Amino acid sequence: MELILVRHGRPERVDHDPSGADPGLTDLGHRQAAASADFLQNAGIEHVYVSPMLRAIETAKPLSTHVGQDEATVVDGIAEFDLGETSYIPGEELELTQEGVDALYAKMMAPEFAERVIDGMDHIIRNNPGGRVAAVCHGGVISRYLCHILGLDPATTYLNSEYTAVTRLEASSSGRRSMLTFNEHHWLHSL
């Protein structure tokens, strides 16, 4: 089967929300989501899955519409490592100290995060033998899953994907996983 991973679009900044920061997309993020959906509209996608986080749900909406699906199917396992945090600052706005960088990597390195992401992706793969599906998720999720399937050390490797970029994987019923493309985003250059 083919699994197409799509990173969410550019999200809003949330400096503090005691109930949990779950930002939606900026205007640019909505345009990125629409452009990626247009790019993928003839890709033969049969079903769209999505993280439960708002920035991913809003990104998945135009793709789901192209596929003829009312809503993407939520998979909790592909939520980002910042789920439940009280603030969200987009990566390009972060001004991190070394301690801040270490704290982010600690969250991405957490065994629970890796296990959740791998289980979430495996759930999608198991439920779509021979199919072609998309999963709209997050940069940390994509990097962590790719490190897993490529045998890379996530402590020293972060595979950075652009907002709404596409990464294509093949998954066999025998358990073999192959990366076909990474970080496709040429259609976004005009935005």
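Among all residue pairs at least 6 apart or on different chains, which show Cβ distances below 8 Å where the first residue, located in the stretch 166-191, is at pLDDT below 95 and the second is polar (S, T, N, Q)?
So the pair list comes out as Trp187/Ser36; Leu188/Gln32; Leu188/Ser36; Leu188/Thr164; Leu191/Gln32.
Within the stretch 164-175, is even one residue within 26 Å of Leu25 (Cα to Cα), of a type in the set (Gly, Ala, Ser) and either in contact with a strand residue (DSSP E or B) (Cβ under 8 Å, 6 or more places away or on another chain) or part of a loop (DSSP other than H, G, I, E, B) (or both)?
Yes; the residues of the stretch 164-175 include at least one that is within 26 Å of Leu25 (Cα to Cα), of a type in the set (Gly, Ala, Ser) and either in contact with a strand residue (DSSP E or B) (Cβ under 8 Å, 6 or more places away or on another chain) or part of a loop (DSSP other than H, G, I, E, B) (or both).
Surrounded by fewer than 12 Cβ atoms within 10 Å (Cβ to Cβ), charged (D, E, K, R) and under 20 Å from Leu3 (Cα atoms), is that true of Arg176?
Yes: the conditions hold for Arg176.
Could you tell me how many of the residues in the stretch 72-103 are hydrophobic (A, V, I, L, M, F, W, C) and in contact (Cβ under 8 Å) with a residue 12 or more places away in the chain?
Selection size over the stretch 72-103: 8.
Exactly one condition in (1) of a type outside the set (A, V, I, L, M, F, W, C); (2) in contact with an Asp or Glu (Cβ under 9 Å, 6 or more places away or on another chain); (3) buried (at least 16 other Cβ atoms within 10 Å of the Cβ); (4) over 20 Å from Glu170 (Cα atoms) is not met by Thr86; state its number.
(3)
Only one of Glu58, Glu99, Glu71, Glu115 is assigned to a helix (DSSP H, G or I), at pLDDT 90 or above, surrounded by fewer than 18 Cβ atoms within 10 Å (Cβ to Cβ) and at negative phi. Can you tell me which?
Criteria check complete, one pass: Glu115.
If we scan the stretch 4-12, do we find a residue that is at pLDDT 95 or above and over 17 Å from Ser161 (Cβ atoms)? Even if it seems obvious, please write down each step before you answer.
Here is the first cut: in the stretch 4-12, the residues at pLDDT 95 or above are 4-12.
Checking which are over 17 Å from Ser161 (Cβ atoms) leaves us with 12.
Within the stretch 4-12, one or more residues are at pLDDT 95 or above and over 17 Å from Ser161 (Cβ atoms).
Modelled with pLDDT of 95 or more, surrounded by 15 or more Cβ atoms within 10 Å (Cβ to Cβ) and not in a helix (DSSP H, G or I), is that true of Glu80? Steps first, answer last, please.
Values: modelled with pLDDT of 95 or more: yes; surrounded by 15 or more Cβ atoms within 10 Å (Cβ to Cβ): yes; not in a helix (DSSP H, G or I): yes.
Criteria met by Glu80.
The values are calculated or read from the model by the stated rules, or taken from the named source; none is laboratory data. What you are looking at is a predicted structure, and each value in this text was computed from that prediction instead of being measured. So basically every Cβ, Gly included, is an ideal-geometry build from the backbone, and we count neighbours across all protein chains shown.
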